[in-house]
Amino acid sequence: MEHLADFLAKTGRHLWHSIVCILLAVSVVAVSGCSKSAAATVPYVPPSYLACTEVTPYQLVNVYYGRYGSRMRQAEVLYNGSPFVFKNIRITTEMLTSVPQGCIWVGLVKCCPLTKDGLSSLKIDSMVDIIGIDAGMCPEYHGLVFTGCVFLPAGIVQLPLEGSTSLPLSIY
């Protein structure tokens, strides 16, 4: 009987150690897998973009072309080269038709990505925040061009950065 008790005590101890090792191994794999996927979903945002101004595509286009285009030059001086963010933009089929040309259209704003693969993560009906640099009026159409655009899952990064100064938009 003593031998049976010793055997069960040793076996139980080995079984307990095996279970603990398996749980540790599974948790390490799960944590490392999560951290890789979380890091892959947040693209790089240049530090100069964090002091952006939140605006809708319509508002920004209206600053340039409103009042029969009488403020185009003033808008170019004030806003060209400045970072802006469009929040909660739903990606549509129409937007993705221009991807082969390397950019997408968000209303009347042509958004060209910061990196070559910047558009690859866009899916129909996904919600994104688009941050980029206003490059001024589009030579092809009655609209604007954004360069260096970063497409972020909507709300994943707090933009504009809290405490940063936004540019005032003088529409009229």
When the stretch 45-72 is checked residue by residue, the ones that are more than 19 Å from Y141 (Cβ to Cβ) and modelled with pLDDT under 85 are R67, S70
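Matching residues to (1) over 19 Å from G155 (Cα atoms); (2) in contact with a Gly (Cβ under 7 Å, 6 or more places away or on another chain):
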residue	(1), (2)
V63	yes, no
G66	yes, no
T97	yes, no
I104	yes, no
L108	yes, yes
L119	no, no
G132	no, yes
A135	yes, no
Handout entry: Flag if L50 is in a helix (DSSP H, G or I), under 18 Å from I156 (Cβ atoms) and either within 13 Å of the chain's Cα centre (by Cα) or free of Cβ contacts under 8 Å to residues at least 24 places away in the same chain (or both)
Key = yes
Turns out the strands (runs of 3 or more DSSP E) fully within the stretch 54-158 with at least 3 residues that are buried (at least 20 other Cβ atoms within 10 Å of the Cβ) are 83-90, 109-113, 127-137, 144-153
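The values are calculated or read from the model by the stated rules, or taken from the named source; none is laboratory data. Owing to the predicted nature of the structure, the values given are computational and were not obtained by experimental measurement. Cβ atoms come from the backbone with ideal geometry, glycine included; neighbour counts cover every protein chain shown.
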